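One structure is given below, encoded as structure tokens.
The values are calculated or read from the model by the stated rules, or taken from the named source; none is laboratory data. Keep in mind that this is a model prediction, so the values were computed, not measured. Cβ: placed from backbone, ideal geometry, glycine included. Neighbour counts: every protein chain shown. Each accessible area value is taken on the protein alone, full model and side chains, heavy atoms only, with ligands, DNA and RNA left out. Shrake-Rupley method; radii C 1.70, N 1.55, O 1.52, S 1.80 Å.
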Amino acid sequence: TTPALSETRTTSQSCTVSGNTVTASNVSQLQNAISNLQSNQTILIADGTYNLASTLYLPQNISNIIIKSASGNRDSVIIKGPGMTNSSVNFGFWLDNINGATFQDITIRDFYQHGIIANGGVNNVIYRNLHIVDIGDQFLKNNPTSDRLNGVDNGLLENSLLEYTTSAPDNYTNGLDVHRGTNWIVRNNTFKNFKASGSLAGPAVLIWNGSTDSIVERNIFINNQRDISLGLDSTKAVGTTDHARGMIANNFIYKTSSIAPDVAVAVFDSPQTKVYYNTILAGGYPNAIEYRFSRATGIDIRNNLTDAAITSRDSASASVVN
């Protein structure tokens, strides 16, 4: 029986802008709109470059908010920090205790730590049609709660471009980093140049630390040292495997030997994960797909096209077909 190419979850394809909108056309107006943001409100940002001198902190205990460009053109609204090596502005956007937040149709670039940081009190976050460039650490950081038992659930990253112009400033980076999150979908994105000089950069997509039920599908990865990792560390998660029940399907991955590549697809301490129909040029690294650690069982890997091996490490087990 041919396995399904992907799983379907009901998610809106575009946000709906209601009558409860606020517009911003300069930094002062944007800061004021963010500071006074209320539930069920949309901020429409006019075309232009917004050079931030401080992080945009969203209010807590609100729901169903949207932050997007008025034009719908992500290249025309640029939220810009002072540089990924300048610590005066750590984040672009910071949020906690929000149920339902959409960021759409904007460019976020040149921040020291994270483009957007969502803490463990956030759920139902959507990152759509974003261009995120040159962030010092994780581009989209989705943290666990302080007790590390919960995280940002029901997240969606789609139709976005995340990239370094050349390379990361150090190895502590990811495009998407999710701790203890459930039901994440990562689809139709491009990730480029997640690499570090003289060291190994983090995976472009990393979902771990007790996360479950993630789908990573139909993405393009270009010249990243590591690309997709469901789970990472067999000792990291509290009371559970590092990940479980994932789907990695229909992704295209390309890298060259010049970036000192590591494995493209990692299924590490992530039992019952499916890896289907991916195309991988591994750049000379000996393995295209690795499954790892003894609790990584019930893994199904089939119908992938690669130029390198599919390999078990540290007693993991999988069915590998076609």
What are the pairs, 6+ residues apart or on separate chains, where a residue within segment 171-185 that is part of a loop (DSSP other than H, G, I, E, B) has its Cβ under 9 Å from a residue that is aromatic (Phe, Trp, Tyr) and at pLDDT 95 or above?
173/139; 173/164; 173/194; 180/208
Please determine whether any residue of segment 251-273 is open to solvent by 50 Å² or more (accessible area, probe 1.4 Å) and under 18 Å from the mean Cα position of the chain (by Cα).
yes
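Any residue that is crowded, with 20+ Cβ neighbours inside 10 Å, aliphatic (A, V, I, L, M) and closer than 27 Å to residue 38 by Cβ - is there at least one of those in segment 131-149? It would help to see each step written out before you state the result.
Let us first name the residues in segment 131-149 that are crowded, with 20+ Cβ neighbours inside 10 Å, namely 132-144.
Within this subset, residues satisfying the condition of being aliphatic (A, V, I, L, M) are 132-133, 135, 140.
With closer than 27 Å to residue 38 by Cβ added as a condition, the list becomes 132, 140.
Checking segment 131-149: at least one residue is crowded, with 20+ Cβ neighbours inside 10 Å, aliphatic (A, V, I, L, M) and closer than 27 Å to residue 38 by Cβ.
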If a residue has to be among the small types (Gly, Ala, Ser) and closer than 21 Å to residue 147 by Cβ to count, how many in segment 70-125 make the cut?
3
Provide a single number: the residues in segment 80-117 that are polar (S, T, N, Q), assigned to a loop (DSSP other than H, G, I, E, B) and either on the phi > 0 side of the Ramachandran plot or free of Cβ contacts under 8 Å to residues at least 60 places away in the same chain (or both).
6
Please identify the pairs in which a residue from segment 188-200 that is farther than 16 Å from residue 137 by Cβ and free of Cβ contacts under 8 Å to residues at least 24 places away in the same chain has its Cβ atom under 8 Å from the Cβ atom of a residue that is of a type outside the set (S, T, N, Q) and in a loop (DSSP other than H, G, I, E, B), counting only partners at least 6 apart or on another chain.
none
Matching option when the condition is open to solvent by 10 Å² or more (accessible area, probe 1.4 Å), more than 18 Å from residue 250 (Cβ to Cβ), at pLDDT 95 or above and not hydroxyl-bearing (Ser, Thr, Tyr), among 302, 292:
292
Which residue is farthest from residue 107 (Cα to Cα), if the candidates are limited to segment 197-211 and must be assigned to a strand (DSSP E or B) and open to solvent by less than 10 Å² (accessible area, probe 1.4 Å)?
211
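I'm trying to understand the selection: among the residues of segment 224-237, which are open to solvent by 10 Å² or more (accessible area, probe 1.4 Å) and in contact with a Pro (Cβ under 9 Å, 6 or more places away or on another chain)?
226, 232
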Kindly indicate whether any position in segment 273-281 is closer than 20 Å to residue 189 by Cβ and aromatic (Phe, Trp, Tyr).
yes
